[in-house]
Every structure is written in C-alpha cells, then in structure tokens.
Amino acid sequence: MGAQRQDAELRPSPAARLVAGCERALAQLELALSAAGGAGTVALAITSARHALDRLREDAAAAESRFLSLLDAVPEAVTVHDREGRIVIANEAAGRLFGYPPERLSRLSVYDLNPSLPPHHMDEVWRSHVPGQTSSVETTNVRSDGRRFPVEVHSNVYREGGEPHVVAVARDIGVRRQVESALRASEERYRQLLNSVDKGILVSDPRGRIVSANAAAERILGLGERELREDVMRKEAWSLVDADGARLDWNQVPAARALAGGMVIDSTLVGVYSPRMRGITWLSTTAVPQFLTGQRVPFQVITLFSDVTALKRQSELARETAALAQIGAFERDFLREQLYHSEELARLIDWPAGHRIDWGALLALFPPDHADRLRDAAERVRQGGPPFELDLKLVSRRGHVRWVRVQGRAIVVHGLAHALAATVQDITARRQQEEQLRRQALTDPLTGLANRDALLHGLAGALREAGTRPGPSLLYVDLDRFKVINDLLGHAAGDGLLVAAAERLRQAAGDAHLIARFGGDEFMIVVAADEDLVQRTEALAVRITDAFDRPFEYAGEDFTITASVGIARHPDDGTSVQQLINHADAAMYEAKRRGRNQWQGFSPQLARALTDRLMIETQLRRALDHGEFHLLFQPQVELASGRPVAAEALLRWNSRVLGALMPDVFVPHAENTGDIVRIGAWVIREACRQLRAWTDSGLALSRIAVNVSYRQFLSENLVEVVSEALACHGLPGSALELELTERVLIEDVPDTIATFDRLKQLGVQLVIDDFGEGYSALNTLRRLPFDALKISHHFMQGIPGNEEDSAILDAIIRMADALRVNVIAEGVERVEQRSFLVGHGARYAQGFLFARPLPPDELVRYVQAGNRHA
C-alpha cells in the first residue's frame, strides 16, 4: 500500500510534512553546531532528538498506513479536497468510481469530477458549510471516459494546520434510481392490476385499519380509498350479518379472524349495510394474512371480496321457490360415490338437519320396485344414457307416504358422465288430484258407473291378461223404447230413469263385474273369465232382463222399459276390444229384432251379417268419389187436378262391388258412419242441377224435394250447402223442398229453430217427413216454421179399410189445416186411398198409383203427359 502511495506521488500527509519539517530543523541545527566547533551536551540532545524523530517517523508512517488502509476499506468513493478543490487524498473506491488511476486522480480537482459546477463553487462551500456538520446533495459526476452518472455526495469541512479541507463521500445512485424507478413502475403496474380486478381488495394493518383499497372495493362499498383509509365512517355505523342473517361482531369478520389466527379464511358470506348503501350488500369474502420473513405474526391482511348480492337473492329466491314448489335436489358424484343434497330434499324425506344422506339411504326410502326404477335410471345416466323423469312413491323417515317426481340428467365433463344431477318434487297433492280426476274421468257423472273410457281400459286389461287363453265375456245392454219415454217426458225424466236402470244393473251384476254406461241408454258389463264363464254370463243376462220386467215409477206414473242384451266372448267372438264391442252390439241388435227384452249371444250368422255391414260401410266411403250414386225422381201430384207439381229426388247406389242396393239397406250405415253428410250434400247439389236443367228446357215443375238426414242437420253446414247449391244453379229458395224426419225436431230444439229460421230466410220449403212415426211434441211442431206434413206410407196401407188408421189420418189432416200447412201423402197405391184423401181435404200425394221413381228423361215425359191430361 505504501509503495502504491509513493508511486502515486500524492501530496504528503500532514504527519509526513510534520516529520519532514522536524528533520530540516535538526539538519540546520547540526550544521550550526558543526560550524561552532560542537558542544557535547547539545550534540547529545540533538542525537536524542533524532532518535525520537525516527520513532515519530515510524509512528507517522504506521498511522498513515492505517489511515490509508481504513480509507481504502470504505466501499464508497472518498476524496479530500483543499481550498481550491484539488484532490489531496482519494481512496481506491474513488479510482474505481471515476475510472482514473491514482496518479491521475492526484492531478484532478472537484471541477474535473463535476464540470457542471460553477467556478466559485469552493468559495460557496467554505462560506456555507459549518465545520463538523455533514451536508448531502445529489448531483452528476463524470467518469474518465466522459460518461455522466448520478451520485449522492455527503461532505464535511474541517481544518488542518489552519487550512480548510473538505472530505467528500460519493455514492453512485444510478442503480438505486433504476431500482426506485422500477419499483415505482412495479407499484404502478400493481396498482393498475388491482384496479383491473373485478374483486374488491382491501389491505389492513394489524390493528384492522385499512391502508389500501382498489377501485372495485371503492365501487362495491360506495366509498373512496381516502375515506376508507381515514375511517370517516365509524364502525358503529356499519351493520354486518352472517349468511343466516345473524349479527356479526367486528372480531368475527374474516379479516379479523385471519389476523387473530394467522390462517386464511376462505369464501365466507358476509352481509354489509352502511348509510352509504341502499339496502344490504352480500359479499363473498376471503382474508389472507401476510407475514414478514421469519415472523409468525401477520403484519397485514389482504381481504378479497365479490358482490354476490344478486346471486344471494337468486339463491334465496331459488330456495324459497323450491320450498314453495316442494322441490328438493341432489347430486350423486359417481367418482367419489358421495351424495350432496339440498335442504328442501331433507325436509321432503324428514331427514335430520345437518346429517348427510348417502345413496343407499336415499334408495331405502322407496318401495323395492320403485327403488329399482330409480337405481336403473341412474345407472343408465352413468353409462351415458338420456335424462329421465320418474314418478315414484317414498316413505319418509317419519312414515309419511309421498309421491315424488324425480328428474335427472348427467353432468358431463370431457365427454364422461361424472355425476347425476336430479330434482325431487313433491307431487303428492297433484297425484291425489290426478287420481280424483282420473276416477272422475272414468266415472259417468249421471249414474256413478264407469264410463266409456273406463270400460275400454278395463276390457283391454282383461284381454292382455287372458292372452290366448279364454278371456272375459262382454254384455252389451240397450234399453228398449227409452227414446220414446225420454222424448215424451223430457230429459230430466230420462236422466232419472237412466239412474234407476243403472241401479238395477248393479243389483243384477253385483260388485264382481265392471259395469259401465257406454253412452246414451247403452250399458256394458265385463264378466271376468273362469271355468263357468258361459253359464255365469248367460245367467247374468237372464237376471238383467228379469230386472227390467218391473215397471219404473216417475211422477206417480209407471213406465215399462225393457232391456235387450247382446253377448260376445273372448276369444271365440273376438280377440280385440273393438271386435268384442262390435259383436256384442250385433248380438244386441239381433235381440231387438227378435222382439226385445231378451238376450242373444253372438253367432256365425251374426258374424256374416256384421261382415256384410263392414263391407257396405267400406264400399260406402268410396262410392261418392267413384260416382256410384244416381237420383231417381218420383212426381208429386195435385190430387184435385192430377197435375204434377213437384218431384222428390230419391237416392240410389249401384256399387261396383256389391251391385245395386236400396236406400233402406245402405242409408242406415251411412248415418252410422257419418258418410251421409257428404252424400246428402251431393244429393242437394245434384237435385238443384237437375231442376235447373228441367226449367231451362221448359218443364213446368215448381220445386224439387230432397230428404235430409238428421246427421246432415246437425253438421252445422247444411245452410251453407243449400245456399251454395241454389246460388250455383240460379234457383230461388222456394224451388227446394227439404224433407226432415221428426228425429231432427227432438235432437236440439234451440239449434233446430235457429237452423230452420236461416233456411226460411232463403225461402226453402220445409216438410216433416214420415209424420206420425215419431214422437215429437205438438208444442215443438207449433213453434217450427215448416210448410207441410208428409204422411208416412205405413198409415196409407190401412186406408180406408182400417178405422184406426183412417181416424189418425183424418186427425193429421185436420191438425195440418189448423196449423195452416199442407199435407202430402206418400205411398198412395190405390184409387180408394186417393178418394179418401180428396174427401178429407188433402191436397198433394205421391205413390205408385201415380208413378214409380223415374229417371230424369222419363220424368220429363210423365210431367208433359200429365199436364196435357190435367
């Protein structure tokens, strides 16, 4: 180190200069003594002084060496400057900092190190600095290569030998500034990051005071960071509650618990209310304590929270909705074999609060067959099957029987079903209502018997159970002449008789059979199969007919209503529900044909008749489209003059499969199937077309008559069909005469009157056909706007020889005259009949006496001839 300093040729240190001065003084003294011839005592003193000076030189060299070593040990650059700022001493760190070798530093001054200093900088230093007091300044120095760098300089002024000196310690603060800049940038990025997070973040000190808050926290809490840090709102103004609404103390909030326990408090729901908030805000809060290295006590806590008010309210709403709708839920984790459930599910099954439910315990609540259905459905979901919906019965832990609807589906992750999610809804009340409605839906409201649907369902079940083995018998019961009494006495009386008839069927059949009202006055009884089925069925049929031998009483009067019974057995008479019904129906009609009030079993002969019926109905559906119908026309004549005035259109069917069929064969089938509506509309249009053709050819016929079925009349479009046919062929309404049976008059009187009124507005003539065969009330006839009565040919057969028929016919003619309507007699075949009609004032007639039904061209010739002879 000493060699370094010598090579550096630094200016001598104060101690070295002191020793050098002493040496010069001794050398001069020695010269003086030598010139004076020497003095022993003085010489001795000088010698002693030299020895002392040598020791001083050695001590000074040692001290200087220690000083320089100490100076070099300082890590910062240290320089000592004289009055002019020149460098007197510099340590090795200074050489490294400024980039100069030691000998070069000895020739530099403070102005070389900092060229930006003013010329009189040192004067200012001596003037402003107080010895013994350190001053600090940040400035810029220059290295040997000309590069500038920032430094922090600590300096102190002292005096040596009366001369002022300044010692300066320079520290390169470039790295520190970079670190500080990086730190500020990092803090800014940290702040930006915190403010970009949508979670609220609060940083609190150990005393719970907030020291930092991000933008989300300010927004959620409605306070600025300064307000939060300054605690402008005292804790007493805040209200805190837990997830269940119980009040929370401040030492119970997650941040306080994290500070107290030094543990993370995760995902805790806290309700917060303050005067700044409008209502309660629900926060999902996590508190994380922070520790300094080696410390076990947190120095701060970071609280992260999210506003879950909407989710909380949705959750509460969902919970309330589930409770109101009685819907529980569970999730079965297939991987962990765990079951998670809602509170409502626990309530539904009366499970103790806070106790877990496993899959086996849940299945045990269901009856074995219902549990199997749920287990199988869950397994199908586990294997990737579709969602399911099951109505199941369960017995709760308290023994309450409930019906629940379980709907489940898979929770799929990466294509695999890892859990079953299901809802469980209490449908007990709904099930009871449905059962009540089902019973009501399967019960005839008038008689209390099973209804048509119940009969069909029960019969189908019995057939399924029988399979190919002998099955049940079906009894088809129809009340004879019930229609007559219902029409005469009214519907109320008819309903009363139906109730009484149902009770007699119950008494005759007992409780062992399914008894149903099939419709109207028709009943059916299903007799279950056993070894004595044939005998039991026939015995029951006899009991039924015997039960109806006794008269029914109504309003003090006795009425006799008998019953006709048809029987069909499985499998001999049919293997399906519809076959058995059809065959029992056919057997019942055979019993009626044979005289009523008896029973009839189905037979091969009836089977052939039914086959014929089915064949007719099948071909009938296609007949109109195939153009198989045509019209014949029978003239109506004026009795007094014999002049033809009108013609009745009569429908004929020439089937390409069945040949020619008369109306009495196919019309009843057409009415049963409803095909009569389409066919009747065709007849009206075709009759109008023919009349138009006759009128255009000059034939003098005033009108054409068409028979209208009651099914047409009830179809609701009869008026439109008539109106369109008249308009299409340019005919007035008076050119068309509609003949309706008395059945039309009793089906629905209000609707009948309305339809009659609309037809009369068109000018159409209305005639009651086959008058006297029905049972319509005279009051109804009086209210309807008909134009004529057509006497049935059955009455004409006894005229004039049968006194009763003659009397009835005379009464009808008189009644028509009183009602101011015409009478048309049909079936007139003999001259005596014509004479009787003329003698009693009848005006019009038709029958074989005048002409048979004729094709259109023959009718033309007949009319022309009749007009010539009139």
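Bear in mind these aren't lab numbers, they're just calculated from the coordinates by the rules spelled out. Keep in mind that what you see is a predicted model, and the values were worked out from it rather than measured. Using ideal geometry, Cβ is built from the backbone for each residue, glycine included, and neighbour counts are taken over all protein chains shown.
Things to note:
- Taking the number of Cβ atoms within 10 Å of each Cβ as an exposure proxy, the fewest-first ranking of D572, D787, D521 is D572, D787, D521.
- Net charge of neighbours whose Cβ lies under 12 Å from the Cβ of L658, counting Lys and Arg as +1 and Asp and Glu as -1: 0
- Mean projected area of the Cα convex hull of segment 444-602, taken over all directions, amounts to 8.6 nm².
- In nm, spacing of pseudo-spin labels at A460 and K393 (7 Å Cα→C-beta vector): 2.3 nm
- Under-5 Å amide H pairs with Y844, H placed in peptide plane, nonlocal only: L639, V823, A825
- Value of D in µm² per second that Stokes-Einstein yields for the chain, Kirkwood Rh from Cα pairs, at 20 °C (1.002 mPa s): 51 µm²/s
- Residue-wise HN-Hα couplings along segment 802-808, as the Karplus relation 6.51 cos²θ - 1.76 cosθ + 1.60 with θ = phi - 60° gives them from phi, are 7, 5, 5, 4, 5, 5, 5 Hz; Gly and Pro carry x.
- Per residue, the Cα convex hull of segment 621-869 amounts to 127 Å³.
- Anisotropy class of segment 621-736 from Cα gyration tensor, a/c 1.5 cut: prolate
- Relative contact order for segment 444-602, counting Cα pairs under 8 Å that sit 6 or more residues apart, in percent: 29 percent
- The chain: relative contact order as a whole-number percent, Cα under 8 Å and 6+ apart: 5 percent
- Under 13 Å, Cβ to Cβ, from S806 - net charge with Lys/Arg +1 and Asp/Glu -1: -4
- Highest-first arrangement of 430-442, 206-218, where packing means the average Cβ count within 10 Å: 206-218, 430-442
- Local charge for E638 was computed over the other residues whose Cβ lies under 14 Å away, with Lys and Arg +1 and Asp and Glu -1, and equals +4.
- Arranged from fewest to most other beta-carbon atoms within 10 Å of their beta carbon, I201, I87 become I201, I87.
- Protection proxy ranking, peptides 131-143, 492-504, average beta carbon neighbours within 10 Å, highest first: 492-504, 131-143
- Among H400, H81, the ranking by other beta carbons within 10 Å of each residue's beta carbon, starting with the fewest, stands as H400, H81.
- All-pairs Cα distance distribution in segment 326-432, expressed in whole percent, bin size 5 Å: 2, 13, 24, 27, 19, 10, 4, 1, 0
- Along the axis of the charge dipole computed for the chain (Cβ charges of +1 for Lys and Arg, -1 for Asp and Glu, origin at the Cα centre), the listed residues L416, G494, L650 are led at the positive end by L416.
- 222 nm mean residue ellipticity, helices alone, for the chain (DSSP H n ≥ 4; -39,500 (n - 2.57); rounded to 500): -14000 deg cm²/dmol
- Segment 447-494 and segment 426-446 have Cα centres separated by 21 Å.
- Cα long-axis angle, helix 14-35 against the chain (0 to 90 degrees, to the nearest 10): 10 degrees
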